[in-house]
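For reference, the structure discussed in these notes is given below.
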């Protein structure tokens, strides 16, 4: 068993919550808008906790490179080539002056918003969880290794979820908003965060704050 039932259920609920409350809207706004504004960028950086790494004084250039370079490239790259291109895109974004250092995490999160069925965002806690699970530390910026290990964990998580009955128990929450494939990926992400040391109490607080007692049905 990959995790105890409590953590597995908590990961499912948090995955649904974050997609419905934040990630779905961010994804739709980015896909439907002809370009980001500074206000959009501020909101986006805030959600993904990237604001400190991208100070206000540098955001004009980041915004320009997102709209003119990053978004068009992410949308044009074939599905099977996207994972291997996350790091090269991050490197080129830095070379173009969009960021002051190579930010693979930022690019993975941006790519996730544009192509959520395919790409998973890098999270430091999730990366730690993968390292603990498989005994191999994933090097910084090695997105392809992260992606491959994540897919393996996602498959293991999917098997456990099928056994648990949680997908059916909560289907009235997730089915109107997300595909099963997307749900499985987001659940694996949240579960890895917990395995990597993210506070169970904080995640519980997040879920209960937004859904209250009826969410425990």
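The values are calculated or read from the model by the stated rules, or taken from the named source; none is laboratory data. On a predicted model such as this, the values are computed, not experimentally measured, just so you know. Glycine also receives a Cβ, built like all others from the backbone with ideal geometry; neighbour counts cover every protein chain displayed.
In the stretch 127-144, how many are under 19 Å from residue 84 (Cα atoms) and either surrounded by fewer than 16 Cβ atoms within 10 Å (Cβ to Cβ) or in contact (Cβ under 8 Å) with a residue 40 or more places away in the chain (or both)?
Filtering the stretch 127-144 for residues under 19 Å from residue 84 (Cα atoms) gives 127, 130, 137-144.
Now drop any that are not either surrounded by fewer than 16 Cβ atoms within 10 Å (Cβ to Cβ) or in contact (Cβ under 8 Å) with a residue 40 or more places away in the chain (or both), which leaves 127, 130, 137, 139-144.
Summing the residues that are under 19 Å from residue 84 (Cα atoms) and either surrounded by fewer than 16 Cβ atoms within 10 Å (Cβ to Cβ) or in contact (Cβ under 8 Å) with a residue 40 or more places away in the chain (or both) in the stretch 127-144 gives 9.
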Failed condition for residue 151, given (1) in a helix (DSSP H, G or I); (2) at pLDDT 95 or above; (3) not assigned by TED's automatic domain parsing to the domain that holds residue 192, with all others met? (3)
Do we find that residue 127 is under 24 Å from residue 51 (Cα atoms) and out of contact with any helix residue (DSSP H, G or I) (no Cβ under 8 Å at 6 or more places or on another chain) in this structure? no
If you go through the stretch 145-186, how many residues are touching a residue at least 12 places away in the same chain (Cβ under 8 Å), surrounded by fewer than 20 Cβ atoms within 10 Å (Cβ to Cβ) and farther than 20 Å from residue 83 by Cβ? 8
